[in-house]
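One structure below.
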Amino acid sequence: GSSVGSSEVRNGKMQRALTSHVGQRPSRPCATPAARATPTMWCADVMHGFRAHARAAGRRRRRGCVHGPGSVSRHTTDPRAPLWPPPSPTRWPQQAFKRVAEYLAKERSLYEHFDSRPDQGLQVSADPAWALAKQSTMSMLTRSLLQARARSMSTSTQGLTKVCKFGGSSVGSSEAFKRVAEYLAKERKDGHHVVGVLSAMFGVTNRLISAAESAKSKDMDGVMRARKDLLELHQETVRDLVRSEERQDQVVGWIDDCLGSNLDDVCRKIATTSEATAEDMDRLSSTGERISNFLMAHFFRDAGLVDSECIQADELVVTDEVSGNATPDLAATRVRVNQRVVPLLEHGAIPLVTGFFGASPSGKVTTLGRGGSDLTAAVIGHALDADEVSLFKVEYTTNEDGWMDEWQGGWVGVVHDADVTQTIPELAYEEAAELAHYGKKVLHPSCVFPAVEKQIPILVRNTFDTSHPGTRIAAAAPGRAPVQAVTKIALRDYEAKYGPVRVDKPLAGQPEAVAPEQAAIVAMVGSGVTEKLDVEQVVGVLADKGVPAVVPRRVNGSPNNLSVIVPETLKHAAVVALHEQFVEAPASA
């Protein structure tokens with residue numbers, strides 16, 4: 001099993017440390033509890049047994065004889081075979097997990113036996129090395145078991161493991177909640193393991209931030225207006241979604257308490273100090289996601305669609321201590337996901353995880369930046385070894401109060417700037433990250449990296465039309481055109497985010513300097529595009545269309561974009577010209 005192999009280095013370091021402390025590693029496993037005279041021998045025995053069984057199961061799985069009835073299995077002939085019998089291949093992984101769990105329980109009972117029988121001469125509780133072996137080895141075994149269980153779900157014949165993230169507009173009204181719930185329930189009934197990641201309802205995060213601004217100026221009336229608007233929005237949504245009056249009262253009461261412990265408490269603190277710290281804003285901004293996921297879970301239960309459970313991300317996603325733009329700890333999050341999310345999936349439930357925030361090891365609530373729900377979905381997908389991560393977005397109209405009114409048809413997936421009716425069918429990971437770098441609303445810029453590590457496809461889709469495949473973001477396929485997309489951003493916006501853009505010596509006849517407020521960056525994005533295209537050819541295409549261009553240095557040091565600076569008023573003409581020459585023409589050739 002590859003899921004066990006990731007722990008090999010850590011396990012080896014621990015065993016070498018134990019060996020240096022108490023003696024040499026045994027050449028073969030100990031057959032009886034009494035023979036396990038040192039913690040090193042016990043540790044080697046247990047870990048090697050677990051790995052031998054995992055390797056044998058992996059070989060059977062790769063031969064394709066582990067899922068279906070009538071498949072053939074052989075007991076391992078490894079002289080250092082595990083101490084428990086291998087499971088029947090027709091019941092992998094369920095029976096395997098049961099056997100391993102029983103084995104772990106047996107090992108724990110041996111500890112208790114040693115602790116209670118000092119006459120055996122082992123004196124486990126008095127030996128620090130034994131205490132280390134007991135804590136470390138059992139922890140590694142349990143973690144390896146949970147990781148194997150999570151990975152097995154992604155290869156199960158019962159369906160795929162999918163993480164589906166829905167943005168604020170996708171859950172912006174009661175009707176939107178119903179459509180999303182129906183989609184998730186259908187995916188589950190089709191046999192897939194599904195995790196939902198929900199953002200706050202449309203407009204909620206902005207109202208929370210406006211409440212903080214009112215508190216800074218000691219405008220408590222403004223704070224109370226924002227609170228009233230938020231409570232009324234969610235109350236109306238609850239009344240539309242939940243039929244049981246008793247459950248309606250329970251959900252609305254919980255929402256009121258949530259606003260009290262977050263919005264009220266934080267705004268009082270801000271009003272007292274006339275300062276909103278990043279930590280205050282993280283705690284306040286996370287409120288909307290807490291409410292929307294809780295509400296969806298109760299709608300599932302009330303409608304009887306499928307079992308579900310809301311999991312607050314500060315109990316699941318572990319981050320560093322940086323407020324406002326935290327970085328998730330993938331390894332620590334994986335452990336928690338395996339403990340909280342995997343059991344729910346195994347029982348056929350749909351876990352609903354709050355997007356956008358997590359918590360540091362000290363318990364401080366941290367947010368992942370605006371659009372951070374994309375990153376939450378990618379991190380959960382990474383932890384589960386998911387088959388795909390889908391990011392659902394939708395266009396919409398708003399009412400006079402600024403809340404979402406209804407969905408509208410429109411763009412699907414990632415679209416071309418030159419023609420927003422055209423969906424880009426495929427992008428490489430690095431290309432999606434490049435487009436996000438230039439401000440294109442593809443996904444959270446950091447959410448690509450967890451997916452790349454596990455090679456998990458990211459699908460950008462439309463909630464209005466879930467039948468459309470949208471844009472698939474995965475590893476680059478060979479033989480692709482050099483340019484996959486052309487995008488643009490105002491130069492002043494780019495420099496405000498990343499600093500001044502350096503400009504090389506301009507080409508003949510071009511202006512030497514361009515004022516940031518009068519210019520835009522136009523970027524051609526493709527894997528290794530700087531090695532495949534000549535910048536003079538690009539400038540020549542623009543010159544033929546009457547668009548002057550200045551050539552900057554590669555504005556972010558990446559080989560995956562080739563950028564020029566053009567007048568702000570001609571940026572769309574530049575995008576269309578380059579799109580026709582380098583995207584449409586190769587595609588039609």
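The values are calculated or read from the model by the stated rules, or taken from the named source; none is laboratory data. In this text the structure is predicted, and so the values were computed from the model without any measurement. For neighbour counting, all protein chains shown are included, and Cβ atoms are generated from backbone atoms with ideal geometry for every residue, glycine included. In case anyone asks, the SASA skips ligands and DNA or RNA and just uses the protein heavy atoms, side chains included. Shrake-Rupley method; radii C 1.70, N 1.55, O 1.52, S 1.80 Å.
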Next item on the list: Kindly list the number of the only condition in (1) more than 24 Å from GLU580 (Cβ to Cβ); (2) not in a loop (DSSP other than H, G, I, E, B) that fails for GLU434.
Entry: (1)
Margin query: Given (1) modelled with pLDDT of 95 or more; (2) out of contact with any strand residue (DSSP E or B) (no Cβ under 7 Å at 6 or more places or on another chain), identify the lone condition not met by GLY196.
Written below: (2)
Next item on the list: Would you mention how many residues in segment 324-364 are in contact with a Gly (Cβ under 8 Å, 6 or more places away or on another chain), part of a strand (DSSP E or B) and under 26 Å from ARG301 (Cβ atoms)?
Entry: 5
Item checked: Which numbered condition ASN462 misses (of (1) within 25 Å of HIS382 (Cβ to Cβ); (2) open to solvent by 30 Å² or more (accessible area, probe 1.4 Å)) -> (2)
Item checked: Unique residue being assigned to a loop (DSSP other than H, G, I, E, B), surrounded by fewer than 21 Cβ atoms within 10 Å (Cβ to Cβ), at pLDDT below 85 and among the β-branched types (Val, Ile, Thr) when the list is VAL501, VAL514 -> VAL501
Next item on the list: Mind listing whichever residues of segment 273-323 are open to solvent by less than 10 Å² (accessible area, probe 1.4 Å) and in a loop (DSSP other than H, G, I, E, B)?
Entry: SER286, LEU316, VAL317
Margin query: Here is a check on your reading of the model: is GLU388 over 20 Å from ALA451 (Cβ atoms), open to solvent by 10 Å² or more (accessible area, probe 1.4 Å) and either of a type in the set (D, E, K, R) or in contact with an Asp or Glu (Cβ under 6 Å, 6 or more places away or on another chain) (or both)?
Written below: no
